[in-house]
Amino acid sequence: MADESRKIPPGGYEVIREGTEDVMRINYEQAPYSPSIEENPMIMMDAIDKIAENPSISRIIFMQRRFYEYPYEQTQMLVEIANLYSYLIKSKKVLSPDSLGASYESQGMLAERYAVIHSIVFELLRSDPLGAYVELKRVMRAEEAKQEATKDLNQRNSRDIFLNLLNAILKMFEELKLVKAASSYLPGYSIGDRSVYKIFFRAIIAPDFMFTRVMANPPLGGEEMEVYSVDKDTSITVFRVNDDIKFLYHMTPPEFTISEDKYTLVDLAKTVLSEHQPKEEQFLDPHKLRATFANIGKDLLRELAEAQNIELSMKDIKLLTEILIRHTIGFGFIELILKDQRVQDVQVNSPNGEVPIFVLHETFGNCTSNLIPARTDTDSWASKFRLLSGRPLDEANPILDTELQLPDSRSRVSMITKPLNPHGLAFSFRRHRDDPWTMPLFVKARMINPLAAGLLSFLIDGTRTMLVAGTRSSGKTSLLGACMIEIMRKSRIITVEDTLELPCEAMRKLNYDIQPLKVRSALTEGGNEMAAAEGIRASLRMGDSALIIGEVRSKEAIALYEAMRIGAMANTVAGTIHGDSPYGVFDRVVNDLGVPRTSFKATDIIVVANPLRSPDGLHKWRRVTQITEVRKEWEEDPMTEGGFVDLMRYNAQTDQLEPTPELINGESEILKSVGANVKEWAGNWDGIWDNIMLRADIKKLIVDYAQRARNPMMLEAKFVIQANDVFHRISEQTLDETGKLDSKRILFEWEEWIKKEIRKKAM
């Protein structure tokens, strides 16, 4: 952006069109001071003079090493003042002899009045409009006092004319938004006092090497709700702002804390790197691309620092390299937001450059941020996502779903553009948890309870077919990921997704035999990716494996049910689907996706997760609301013919997922069918129930011991998988030694193991 300022002569300006706005950019690069309307009266005067020539502008930017931008609301205050100034100087009546009372006064008095009006209108109004208003009222009071003391009729008539002029100007002043807003601050105001202007004018400051604007100053009157750090260099403050129902997610990135000479280095380095654009094929391996450019950036920064006689520590080089990568091949401040593990969703709406980024925070819900992405940035992101995904984003394909994998985060990305979005680009980032969700984590979060966790664990070990249903943002993909963690590591897993959301990479690092397949999005026409249905069929030819479908959306549903019926009968088959109830799932699968009714019976279990809201609408919780088995003895409608039997059902009064009589009394056909394949459980409901409760106890104990030990890592996948492995080994050993699955002995030995683990970790 520094190059852009150099196109404008020092002190000059240009007006450009950005979206629906006219933006004035003034070059202050050679000024020895920072351009600040609130602090410098000459800067305010210069701005008003230029606005008077271009009264249609929406924003004003002073271009220097940093960019100082005044947003629409603040600029409009200046526009009003500029319009008033233009009107007054063009009005023939304001300084005419008649308006000044020339018919009745001496030339000396006229000169005095002329000087007063000239000072207020031609000088103070542009540099200190509040001072002009205060001074105008002072002059009027003085003139009114003189009027009362004057007995000469001609002089009284003269002052009446002059007072009428002053009063007319005063009424115009009082209509100014700035004057109205500042009225309570004006008693005792001294001309030249800039403290009041700092309340109403606050520049959005950005370094010239980036386009996204940052409202760096905290909000006026904002109440700090929480302050924390994302990393050592990025600070987050959440504010409650006046009567706004949304909180403000206020980020202070390291770009705003580095010194001026380091700004210069990053700016120079970015200019050099911009001449070496990465090739398209390099985007196929984003991790390698970042590593390559990071190495180049480090060397370049060292060379530039040496040339500029600037000393840089290793920490400085690392930080500046990260900044450089973010604003060249990276995704700017989006990367910093996605580093925040407490952020769940990030929304970038159109028109770009006019609206801030919005975030969904785990504690504070939907928040407005202090970041406003420029169109230059969003266009760059869209190009990068096209290259990363290999998918089109154009008028024929206005939707693009892909994933973004960064060194510190992983997220699903959805984009829309014209003609679907008439204002251009919009983005939605769904941040995935760094580590996979686990059943104990969901128990702690109250999304499920220990019994539900034990039941799902039992069903997964029993290789049942399962659909996890829910509305958007219900947590169904996260729950499916937690179910995957319950699959024993001795089993092979194949996943099929159009956008990689499931924790395959994390599970691979945890020693799972897992193979992800990426297929074509149902929203994309053409391309070189395999259709989802063919991907599922291909998975059946890849050996004995559990099959996990990221989301059942389209024609692949038929292939999925083929897999359920013939291809993967001896293994867990599971996936997610949109639906708010078991019948909603049936309706979607059969009526919308064209799966035959008889094929739908291959579904064993439907788990429904839904977001619940508080009565005031301000709070939201994720809960599993139903665990339902699908029975096979029905013909047309499982709802009316008893095809759906709830095993657990959510009770809003207790905020608990409670077992139904059908589960407690052993009337579940699916659970009995699992037991029929196990010698110890065949025809033994008590044995089945006992094992479910054993698993529930273990999930609860993991949560309890994690809290007692103050060790949240015990809830994470690495430890939970280890705990599951130990459970299976103890179960197998107990069976070999006693001839039965003795739950009390298994639980005792498992609990002794976890106690030893806690002691080891404490040492």
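Conditions tested, residue by residue: (1) modelled with pLDDT of 75 or more; (2) in a strand (DSSP E or B); (3) more than 21 Å from Arg433 (Cα to Cα).
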residue	(1), (2), (3)
Glu505	yes, no, no
Arg508	yes, no, no
Gln515	yes, yes, no
Thr524	no, no, yes
Glu529	no, no, yes
Gly535	no, no, yes
Asp544	yes, no, yes
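Which residue pairs have Cβ atoms under 6 Å apart, sit 6 or more places apart or on different chains, and have a first residue in segment 534-554 that is in the same structural domain as Ile577 (by TED's automatic domain parsing) and a second that is buried (at least 22 other Cβ atoms within 10 Å of the Cβ) and at pLDDT below 70?
Within 6 Å, the pairs are Leu547/Ser539; Leu547/Ala568.
Tell me, please, whether a residue that is closer than 23 Å to Ile485 by Cα, in contact with a Leu (Cβ under 7 Å, 6 or more places away or on another chain) and at pLDDT 95 or above can be found in segment 735-744.
No, the conditions are met nowhere in segment 735-744.
Here's the yes/no breakdown for (1) crowded, with 19+ Cβ neighbours inside 10 Å; (2) modelled with pLDDT of 90 or more; (3) among the polar types (S, T, N, Q); (4) more than 21 Å from Arg213 (Cα to Cα):
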residue	(1), (2), (3), (4)
Ile357	yes, yes, no, no
Asn366	no, yes, yes, no
Asn370	yes, yes, yes, no
Arg391	yes, no, no, yes
Pro398	no, yes, no, yes
Leu404	yes, yes, no, yes
Asp408	no, no, no, yes
Ser411	yes, yes, yes, yes
Ile416	no, yes, no, yes
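If Ala445 meets every condition in (1) within 28 Å of Glu716 (Cα to Cα); (2) of a type in the set (Gly, Ala, Ser); (3) not assigned by TED's automatic domain parsing to the domain that holds Asp498 apart from one, which number is that one?
Every condition holds for Ala445 apart from (3).
If I ask for residues that are out of contact with any Asp or Glu (no Cβ under 6 Å at 6 or more places or on another chain) and either at pLDDT 95 or above or in a helix (DSSP H, G or I) (or both), which ones from segment 448-466 would you list? Break it down into steps so the answer makes sense when it comes.
Let us first name the residues in segment 448-466 that are out of contact with any Asp or Glu (no Cβ under 6 Å at 6 or more places or on another chain), namely 448-456, 458-459, 461-463, 466.
Those that are out of contact with any Asp or Glu (no Cβ under 6 Å at 6 or more places or on another chain) and either at pLDDT 95 or above or in a helix (DSSP H, G or I) (or both): Ile448, Asn449, Pro450, Leu451, Ala452, Ala453, Gly454, Leu455, Leu456, Phe458, Leu459, Asp461.
Mind checking which helices (runs of 4 or more DSSP H) fall wholly inside segment 555-624 and carry at least 1 residues that are more than 27 Å from Thr654 (Cα to Cα), polar (S, T, N, Q) and modelled with pLDDT of 85 or more?
Values: elements: 556-562, 582-586, 597-600.
Here the list reads 597-600.
Report yes if Leu163 is free of Cβ contacts under 8 Å to residues at least 40 places away in the same chain and touching a Pro at 6+ places or on another chain (Cβ under 8 Å), otherwise no.
Considered against the rule, which asks whether it is free of Cβ contacts under 8 Å to residues at least 40 places away in the same chain and touching a Pro at 6+ places or on another chain (Cβ under 8 Å), Leu163 comes out as no.
Kindly indicate whether any position in segment 377-387 is under 29 Å from Pro516 (Cα atoms), at pLDDT below 90, touching a Gly at 6+ places or on another chain (Cβ under 9 Å) and of a type outside the set (Lys, Arg).
yes
Of a type in the set (Lys, Arg) and assigned to a loop (DSSP other than H, G, I, E, B) - does that describe any residue in segment 362-379?
No.
Provide a single number: the residues in segment 160-190 that are loosely packed, with under 14 Cβ neighbours inside 10 Å and not in a helix (DSSP H, G or I).
4
In segment 432-447, how many residues are outside any loop (DSSP other than H, G, I, E, B), under 25 Å from the mean Cα position of the chain (by Cα) and either free of Cβ contacts under 8 Å to residues at least 24 places away in the same chain or surrounded by 23 or more Cβ atoms within 10 Å (Cβ to Cβ) (or both)? Outline the logic, then answer.
From segment 432-447, those outside any loop (DSSP other than H, G, I, E, B) are 432, 439-444; that's our starting set.
Still in the list and also under 25 Å from the mean Cα position of the chain (by Cα): 432, 441-442, 444.
Okay, now just the ones that are also either free of Cβ contacts under 8 Å to residues at least 24 places away in the same chain or surrounded by 23 or more Cβ atoms within 10 Å (Cβ to Cβ) (or both), so 432, 441-442.
The total comes to 3.
Tell me whether segment 97-116 contains one or more residues that are at pLDDT 90 or above, of a type outside the set (Gly, Ala, Ser) and at negative phi.
no
State whether one or more residues within segment 651-662 are part of a helix (DSSP H, G or I) and at pLDDT 90 or above.
Yes, because at least one residue in segment 651-662 is part of a helix (DSSP H, G or I) and at pLDDT 90 or above.
Residue check: is Ile337 surrounded by fewer than 22 Cβ atoms within 10 Å (Cβ to Cβ) and farther than 22 Å from Gly424 by Cα?
Working: surrounded by fewer than 22 Cβ atoms within 10 Å (Cβ to Cβ): no; farther than 22 Å from Gly424 by Cα: yes.
Here the answer is no, as Ile337 does not meet what is asked.
Those residues that are among the charged types (D, E, K, R) and over 14 Å from Ser743 (Cα atoms), I need them from segment 677-698; list them, please.
Result: Lys679, single match.
Which one of these does Trp681 not meet: (1) within 28 Å of Trp437 (Cα to Cα); (2) crowded, with 17+ Cβ neighbours inside 10 Å; (3) not polar (S, T, N, Q)?
So the condition that Trp681 fails would be (1).
Please enumerate the residues belonging to segment 586-617 that are crowded, with 16+ Cβ neighbours inside 10 Å and among the aliphatic types (A, V, I, L, M).
Of everything in segment 586-617, those that are crowded, with 16+ Cβ neighbours inside 10 Å and among the aliphatic types (A, V, I, L, M) turn out to be Val589, Val590, Leu593, Val595, Ala602, Ile605, Ile606, Val607, Val608, Ala609.
Kindly establish whether Glu635 is exposed (fewer than 14 other Cβ atoms within 10 Å of the Cβ) and among the acidic types (Asp, Glu).
On the way: exposed (fewer than 14 other Cβ atoms within 10 Å of the Cβ): yes; among the acidic types (Asp, Glu): yes.
Judged against the criteria, Glu635 is a match.
Criterion first (touching a residue at least 60 places away in the same chain (Cβ under 8 Å), in contact with a helix residue (DSSP H, G or I) (Cβ under 6 Å, 6 or more places away or on another chain), surrounded by 13 or more Cβ atoms within 10 Å (Cβ to Cβ) and assigned by TED's automatic domain parsing to the domain that holds Arg202) does Ile60 satisfy it? Explain how you work it out, then say what you get.
Numbers: touching a residue at least 60 places away in the same chain (Cβ under 8 Å): no; in contact with a helix residue (DSSP H, G or I) (Cβ under 6 Å, 6 or more places away or on another chain): yes; surrounded by 13 or more Cβ atoms within 10 Å (Cβ to Cβ): yes; assigned by TED's automatic domain parsing to the domain that holds Arg202: yes.
Judged against the criteria, Ile60 is not a match.
When you go through (1) surrounded by 13 or more Cβ atoms within 10 Å (Cβ to Cβ); (2) assigned by TED's automatic domain parsing to the domain that holds Phe644 one by one for Pro661, which number turns out not to apply?
Evaluating Pro661 over (1) surrounded by 13 or more Cβ atoms within 10 Å (Cβ to Cβ); (2) assigned by TED's automatic domain parsing to the domain that holds Phe644 leaves (1) as the failure.
What is the one condition in (1) touching a Pro at 6+ places or on another chain (Cβ under 8 Å); (2) surrounded by fewer than 16 Cβ atoms within 10 Å (Cβ to Cβ) that Asn157 does not satisfy?
Every listed condition holds for Asn157 apart from (1).
Here's the yes/no breakdown for (1) assigned by TED's automatic domain parsing to the domain that holds Leu265; (2) in contact (Cβ under 8 Å) with a residue 60 or more places away in the chain; (3) touching a Pro at 6+ places or on another chain (Cβ under 9 Å); (4) within 30 Å of Ser614 (Cα to Cα):
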| position | (1), (2), (3), (4) |
| --- | --- |
| Gln347 | yes, yes, no, yes |
| Glu362 | yes, no, no, yes |
| Asp379 | yes, no, no, no |
| Ser389 | yes, no, no, no |
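Of the residues that sit in segment 270-301 and are surrounded by 14 or more Cβ atoms within 10 Å (Cβ to Cβ) and among the charged types (D, E, K, R), which one is modelled with the highest pLDDT?
Among them, the one singled out is Lys298.
Since Leu406 meets every condition but one in (1) more than 27 Å from Leu612 (Cα to Cα); (2) touching a strand residue (DSSP E or B) at 6+ places or on another chain (Cβ under 7 Å), which condition does it not meet?
Only one criterion in (1) more than 27 Å from Leu612 (Cα to Cα); (2) touching a strand residue (DSSP E or B) at 6+ places or on another chain (Cβ under 7 Å) is unmet by Leu406, namely (2).
Please specify each residue of segment 49-71 satisfying the condition of being under 23 Å from Tyr133 (Cβ atoms) and of a type outside the set (Val, Ile, Thr).
Asp49, Lys50, Ala52, Pro55, Tyr70 - these are the residues of segment 49-71 that are under 23 Å from Tyr133 (Cβ atoms) and of a type outside the set (Val, Ile, Thr).
In segment 467-483, how many residues are touching a helix residue (DSSP H, G or I) at 6+ places or on another chain (Cβ under 7 Å) and either surrounded by fewer than 21 Cβ atoms within 10 Å (Cβ to Cβ) or under 24 Å from Arg729 (Cβ atoms) (or both)?
Number of matching residues: 2.
The values are calculated or read from the model by the stated rules, or taken from the named source; none is laboratory data. Note that the structure is predicted; figures quoted are calculated from it, not measured. Neighbour counts are summed over all protein chains in view; Cβ atoms, including those assigned to glycine, are modelled from backbone coordinates with ideal geometry.
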